[in-house]
Amino acid sequence: MLLRFVPQIRGVVLGYSNIKVLSKAALLYSDSPFGQLEVSAQLLLWRPISGMSLRGSINVQSPDHIGLLLWDTFNASIPASFIPKSKYEWRPFGDEELAAGKTEDTSSSEQSSDETEDSAKSDAEETPSKESAKFGSGEWVLKGTSQGIGASGSLEFVVADVIRADNVLSVTGALH
């Protein structure tokens, strides 16, 4: 039941507490092998609704959409049609930016041994630079400034639609 959409309560159950058994005995029905008890509990729900503002971590940008992850758990997508072209534009990365994002500057001080060199290379690979944090073939930017949206890695948006498929919610967002 946790982290699943429950249609009867129209939300995703994140947690529960204060469980109380209300019936004195379990009921058995001929069509079910399970005993049924009446219980009450307090539920912590996630129920996004159209019009609410949310903030997500950007995990992909393309000319077609911006993909986000909400609380490291739920997916959201902002289609290009919901990104106002009067404020934002798609800017493909240049060859220099693509090259900078894929290589690391290893021209630091000379190393005294092979082991130290291996350690330094490992550290450089694990700690991405600002340039290597770029992904894909471009980014959405504010018109006139060329400042990437979500430069901090997160982006605030407004929920345009919530779609349920196979007990999983997908959020469609819009930028304003």
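The values are calculated or read from the model by the stated rules, or taken from the named source; none is laboratory data. Because the structure is a prediction, the values reported are computed rather than measured. Cβ: placed from backbone, ideal geometry, glycine included. Neighbour counts: every protein chain shown. Side chains included, ligands, DNA and RNA excluded: accessible areas come from the protein's heavy atoms. Shrake-Rupley method; radii C 1.70, N 1.55, O 1.52, S 1.80 Å.
Summing Lys and Arg as +1 and Asp and Glu as -1 over all other residues whose Cβ lies under 13 Å from the Cβ of R55 gives a net charge of -2. Between I163 and L27, how many nm apart are label points set 7 Å from Cα along the C-beta direction? Label-label distance for I163 and L27, simple model: 3.8 nm.
Label sites at M52 and T73, each approximated as a point 7 angstrom past Cα along Cα to Cβ, lie 1.2 nm apart. Residues whose amide H falls under 5 Å from that of K143, counting only those 5 or more places apart or on a different chain, are Y88, E89, with hydrogens built in the peptide plane. For L3 and L142, the difference between the fully extended length at 0.36 nm per residue and the C-alpha to C-alpha distance is 46.5 nm. Distance between the 7 Å Cα→Cβ label points at V60 and W90: 1.4 nm. Net charge in the neighbourhood of V6 (other residues with Cβ under 14 Å of its Cβ; Lys, Arg +1, Asp, Glu -1) is +3. Taking all protein chains into account, the per residue accessible area for segment 10-97 stands at 68 Å² (1.4 Å probe). Charge tally around V162: other residues with Cβ under 12 Å, Lys/Arg +1 each, Asp/Glu -1 each, net +2.
Residues whose amide H falls under 5 Å from that of Q61, counting only those 5 or more places apart or on a different chain, are G67, with hydrogens built in the peptide plane.
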